[in-house]
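Q: Let me give you the structure first, and then I'll get to my questions.
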Amino acid sequence: MSEGYQSLSLGVHQLKLGVRSLIIAVLYVVLTITPPLNAISYGPIQVRVSDALLMLASIEYFGLEAVVGVTIGCAIANLASMYGPPDIIVGTIANLIAASAIYFMTKKYKGIVMRIASGIIASIIIAVLIGYIILHIVAGIPGPFILIASVLVGEIIAIVIVGTVVSTAVERRLRHRLQIG
């Protein structure tokens, strides 16, 4: 195989990975800022449905592209947050850490139990960072443990329940279509 062909093939592969990340980012933004979902995407009582997309990081086909996509998507979606730049920064970091945790936990150990466990860990990461830093420190809402618990409930609904169902269905569909694993 010629060096030029290999270079072109590598470029096309990188383009596909970038497009997957971009599609996930756009989906994340749309699911966060579009009414009526925007009403439950921010604040002390929230179920950010778009966070279900974090579980795409547990699927081999997406993996790191999902981590990049949900991170970029969160940064863009949080431009609409009432908590301003702190939410853009902390929320984006929270999604990066949470999606990375899902990716690394499920990369080596497959199966529904690890997918659920990684979703719980991701939910805790987001709940602590958003509940404590954004809602308690930045917004000045009292009761940090209640805020963390409130965000945790919403994240478990979005990531563990919705995300696990969606990612499992997507993975089955991909296996059937791509004839993998």
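Q: Mind checking which pairs have a first residue in segment 153-181 that is closer than 19 Å to Tyr103 by Cβ and a second that is among the charged types (D, E, K, R) and outside any helix (DSSP H, G or I), Cβ under 7 Å, 6 or more apart or different chains?
A: That search, which allows pairs on different chains as well, returns Ala158/Arg48.
Q: Tally the residues that are crowded, with 19+ Cβ neighbours inside 10 Å and in a helix (DSSP H, G or I), restricting the search to segment 54-95.
A: Residues flagged as crowded, with 19+ Cβ neighbours inside 10 Å and in a helix (DSSP H, G or I) within segment 54-95 amount to 24.
Q: Restricting the search to segment 141-165, which residues are in contact with a helix residue (DSSP H, G or I) (Cβ under 6 Å, 6 or more places away or on another chain) and over 16 Å from Ala117 (Cα atoms)?
A: Answer for segment 141-165, where residues must be in contact with a helix residue (DSSP H, G or I) (Cβ under 6 Å, 6 or more places away or on another chain) and over 16 Å from Ala117 (Cα atoms): Ile141, Pro144, Leu147, Ile148, Val151.
Q: Of the conditions (1) out of contact with any Ser or Thr (no Cβ under 7 Å at 6 or more places or on another chain); (2) touching a residue at least 40 places away in the same chain (Cβ under 8 Å), Leu56 satisfies every one except a single condition; which number is it?
A: That leaves (1) as the condition not met.
Q: Follow-up. What about Ile180, is it among the β-branched types (Val, Ile, Thr) and at pLDDT 95 or above?
A: Taking the combined requirement at face value, the residue does not satisfy it.
Q: Within segment 154-181, count every residue that is surrounded by 14 or more Cβ atoms within 10 Å (Cβ to Cβ) and either of a type in the set (D, E, K, R) or farther than 24 Å from Leu37 by Cβ (or both).
A: Total satisfying the criteria: 4.
Q: May I ask you to list the residues in segment 103-115 that are buried (at least 17 other Cβ atoms within 10 Å of the Cβ) and out of contact with any Gly (no Cβ under 7 Å at 6 or more places or on another chain)?
A: Those that are buried (at least 17 other Cβ atoms within 10 Å of the Cβ) and out of contact with any Gly (no Cβ under 7 Å at 6 or more places or on another chain): Met105, Thr106, Arg115.
Q: Right, next: From Leu174, Leu135, which residue is at pLDDT 95 or above and on the phi < 0 side of the Ramachandran plot?
A: Of Leu174, Leu135, the one residue that is at pLDDT 95 or above and on the phi < 0 side of the Ramachandran plot is Leu135.
The values are calculated or read from the model by the stated rules, or taken from the named source; none is laboratory data. Predicted model only: the values in this text are computed from it and were never measured. For neighbour counting, all protein chains shown are included, and Cβ atoms are generated from backbone atoms with ideal geometry for every residue, glycine included.
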